[in-house]
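Inspection log for the structure reproduced underneath, given as structure tokens.
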Amino acid sequence: MFIPESLLQKEKDHVEGFAPEVAWVTHGGLSPLAERLCVRPTSETLFCDFYSKEVTSYRDLPKLYNQWCSVVRWEKETRPFLRSREFLWQEGHTAHATAEEAKERTELMLNVYARFCEEELAIPVIKGKKTEKERFAGAEATYTIEALMHDGKALQSGTSHNFGDGFAKAFGIQYTDKNNQLQYVHQTSWGITTRLIGAIIMVHGDNSGLKLPPRIAPVQCMIIPIRQKAEGVLEKASEIKDALAAAGVRVKVDETDKSPGWKFSEQEMRGIPVRVEIGPKDIENGICVVVRRDTGEKLEVSIDSLSEKIPALLEQIQKNMFETALAHREAHTYEARSYEEFCDTIQNKPGFVRAMWCGERDCEDKVKEDLSATARCMPFDNNEPIDDKCVCCGKPAKHLVIWGKAY
Ligand SMILES: [Zn+2]
């Protein structure tokens, strides 16, 4: 958790990047420390120190580590889930024999994150590379997944960094290769954080509350008894619960003494994907009402077929939530070919703007200054040029960039 100042100082870009936001420990109890300790903002320097002692031969490689921990960044302005001074994350740190292996690992982990966001969280993401201005302090390349929130703001949702041998040279991490030659290792690091909880809230939620994608919902189906004191209602609800649980559904019965209307609203607010309403009439008719949280749609389903219908419905909801989020992103993605059009779009149409860029830092700075927008990434897919000149300065364009205002 604590990094001696001398260790943090070893890689120049890294310390410059993080210095403005680290918290320092200066005292142990009442005694001043001989050397300040920074509260870990990220663990590259600790892993590098460890590798420098641990790695000696090609037989020691690769080193593949992951840790779950909390880190501290002294943010001036905080925002729940998105930007807190202490946050929980996972951080992976690897060391490889070759540059190719490090590049492969960086890409592999970006794809793991993208798949997790899209398939589990139902959040579509754009994979791409950060510009030099936006990349991680000390990295050779930073890959990112960028998501669009419901309000049209971008959220950097996960990153994967290729360090090349920069840290290895700063920390002296060398190994002897098969030809008995000393070589520097090539490193990567990658992470996602609890900020993804914020993304789930902001991509899917509505005015009634959360909407949780079924695959991550702690409770996927809430059974709400109507007139639960009537004979047989709770018994039937419990029977349905057992059948659904046996079919692999995470299910509960709300047996509290709140009114059914209250329970409906509460279940909506908590984002539970499906509710089943069961009362004496339903039991008599063998049919009950099933309500989807994602669309609000009410379905009549025979009680006997619930354990078959609900799992299929959950899959359908998962898919629909992804498609809805994707349609929202597509409807809020624009293109601009002149600076006037670019400014107008960023100021008046919240979302992503696809526009060409010359590759110069000056243009990024100008966009930030004029519009408080940033280059989110240079996308890996759909990156064919839409123009031959930079949207900002008019000089020859080098990259298509996704621009936007970000959290
Ligand atoms: Zn330019």
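Being crowded, with 20+ Cβ neighbours inside 10 Å and either within 14 Å of the ligand (Cβ to nearest atom) or aromatic (Phe, Trp, Tyr) (or both) is a description that does not apply to residue 353. Of 125, 112, 72, all but one fail to be under 30 Å from residue 37 (Cα atoms), among the hydrophobic types (A, V, I, L, M, F, W, C) and modelled with pLDDT of 95 or more; the exception is 72. Looking only at residues of the range 242-299 that are assigned to a helix (DSSP H, G or I) and in contact (Cβ under 8 Å) with a residue 60 or more places away in the chain, we find that the one that is surrounded by the fewest Cβ atoms within 10 Å (Cβ to Cβ) is 246. Here the condition is being among the small types (Gly, Ala, Ser) and in a strand (DSSP E or B); of 327, 375, it holds for 375 alone.
Checking each residue of the range 70-83 against the condition of being part of a helix (DSSP H, G or I) and touching a residue at least 60 places away in the same chain (Cβ under 8 Å) gives no match. Looking at the range 88-109, is at least one residue surrounded by 19 or more Cβ atoms within 10 Å (Cβ to Cβ) and within 29 Å of residue 327 (Cα to Cα)? Yes - at least one qualifying residue is present in the range 88-109. Can you find a residue that is over 23 Å from residue 100 (Cβ atoms), outside any helix (DSSP H, G or I) and within 29 Å of the chain's Cα centre (by Cα) anywhere in the range 46-68? The answer is yes; a qualifying residue exists. Checked against (1) out of contact with any Lys or Arg (no Cβ under 8 Å at 6 or more places or on another chain); (2) assigned to a strand (DSSP E or B); (3) surrounded by 15 or more Cβ atoms within 10 Å (Cβ to Cβ), residue 116 passes all but condition (2). The residues in the range 356-400 that are within 10 Å of the ligand (Cβ to nearest atom) and at negative phi can be counted, and the count is 19.
Any residue at all in the range 62-79 that's closer than 11 Å to residue 2 by Cβ and of a type in the set (Val, Ile, Thr)? For the range 62-79, residues closer than 11 Å to residue 2 by Cβ and of a type in the set (Val, Ile, Thr): present.
Any idea which of 193, 176, 188, 144 is of a type in the set (Val, Ile, Thr) and more than 20 Å from the chain's Cα centre (by Cα)?
Answer to the check: 176.
The values are calculated or read from the model by the stated rules, or taken from the named source; none is laboratory data. All values reported here derive from a predicted model rather than from experimental measurement. So basically every Cβ, Gly included, is an ideal-geometry build from the backbone, and we count neighbours across all protein chains shown.
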